[in-house]
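Note sheet for the following structure.
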């Protein structure tokens, strides 16, 4: 009888130290699908939960909003990612996301008595935060509030603060906010071998093509 009581006490204590947190869809528009490990894709709906190991996919002109405890995650169009971790342990909510393609905006919020350990990973970089607001597409990072630790695959990290941006390509060191601003302002002319196309002006946000309609 004493052994049974002892086991029950251990279960009770451990459940207080390690608790699963659920991600819930609060908004769904367009084509949004989820898939459990080993399962098939199915349509997502408001109120549906996303658990550890599940993947989410958004189509063209589609969007999903997920509530992860006190935090919010906006999954933009043409995005595919996996929820690798979502757990509350010893007063900290740990969230891990693997972004395969696309863009998300995270509003990471803390509540009294709970800390946030939020990590978003892509094939080339990792963005780790503890209470902030940012937008990330796996390469480009924009911080709207707080500070994000932006890390490349070599483990080199740069802190990006509120109102700043950075970019990682390959194994390069995360770019400085000044470099990101210069890149956005730069216009690079180039030529390509396409009949009727005179010149292309390209920056990070727009591509302008000048055509010769007389050809």
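Read-outs throughout are calculated quantities, based only on the coordinates presented, and are distinct from any laboratory measurement. The model shown is predicted, which means the values in this text are computed figures rather than measured ones. When we count neighbours, we look across all protein chains shown, and the Cβ atoms used for this are built from the backbone with ideal geometry, even at glycine.
Model label sites at residue 94 and residue 145, defined 7 Å from Cα along the beta-carbon direction, differ in position by 2.6 nm. Going by neighbour counts of Cβ atoms within 10 Å, the residues 54, 137 line up, fewest first, as 137, 54. With the convex hull drawn over the C-alpha atoms of region 20-184, the volume per residue is 114 Å³.
Among 81, 162, the ranking by other beta carbons within 10 Å of each residue's beta carbon, starting with the fewest, stands as 162, 81. For region 57-107, the percent of C-alpha pairs falling in each 10 Å distance bin, counted from 0 to the bin holding the largest distance, reads 24, 53, 19, 4.
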